[in-house]
Amino acid sequence: MLSRFFTPTEVSAHCDLPCGVYDPAQARIEAQSIKAIIAKVADNSDPDFRTRAVLIKEQRSELVKHHLWVLWTDYFKAPHFEKYPQLHTLFNEATKLAGASGTKGEFDAGKADELLAKIDEIDAIFKETKAA
């Protein structure tokens, strides 16, 4: 009886409950929010607004990294990395674009566009793997 509770079972999920729901859309939505914040800050000189925008942009950047890491470490498996050898580099570049030298640390719309482009590349591969 107890052995069925303690028998190792392989599961795959993006959270503690193996629901199997994965989608790069989560990262894209946060990245789009970052791009919108960058545009709004450029048009607003209110220091309180700008302070809030910095905090929110940094939080959204962390969420982008989180959602990408979940895909990278939980969804994609060895066969995917064999078929798409650029995946590791793609995820590394995307998470760096969401980091301190990217959207988290700068108000650079170009970095936000680069991040969105990387997410689109990841999404294209993701869709191919889902269709297979």
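The values are calculated or read from the model by the stated rules, or taken from the named source; none is laboratory data. Treat the numbers as computed from the prediction; the structure is a model and nothing was measured. Counting neighbours? That spans all protein chains shown, and the Cβs are built from the backbone with ideal geometry, glycine included. All accessible areas refer to the heavy atoms of the entire protein, side chains included, with ligands and DNA or RNA removed. Shrake-Rupley method; radii C 1.70, N 1.55, O 1.52, S 1.80 Å.
Here is how the numbers come out for the structure above:
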read-out	value
For Thr103, residues with placed amide H under 5 Å, excluding near neighbours	Ala98
Rounded to 10°, Cα long-axis angle of helix 109-131 versus longest principal axis of the chain	20
Residue-averaged [θ]222 nm for the chain, counting only DSSP H segments that reach four residues, each worth -39500 (n - 2.57)	-21000 deg cm²/dmol
With every protein chain in place, the chain: carbon and sulfur % of accessible area (1.4 Å)	56
Principal-axis tilt of helix 47-70 within the chain, Cα atoms, nearest 10 degrees	20
Accessible area in square angstrom per residue, the chain, 1.4 angstrom probe	61
Spin-label pair Asp113/Glu58, simplified geometry with 7 Å Cα→Cβ offset, distance in nm	2.7
Debye intensity ratio I(q)/I(0), log10, the stretch 34-132, q values 0.14 Å⁻¹ (C-alpha model)	-0.55
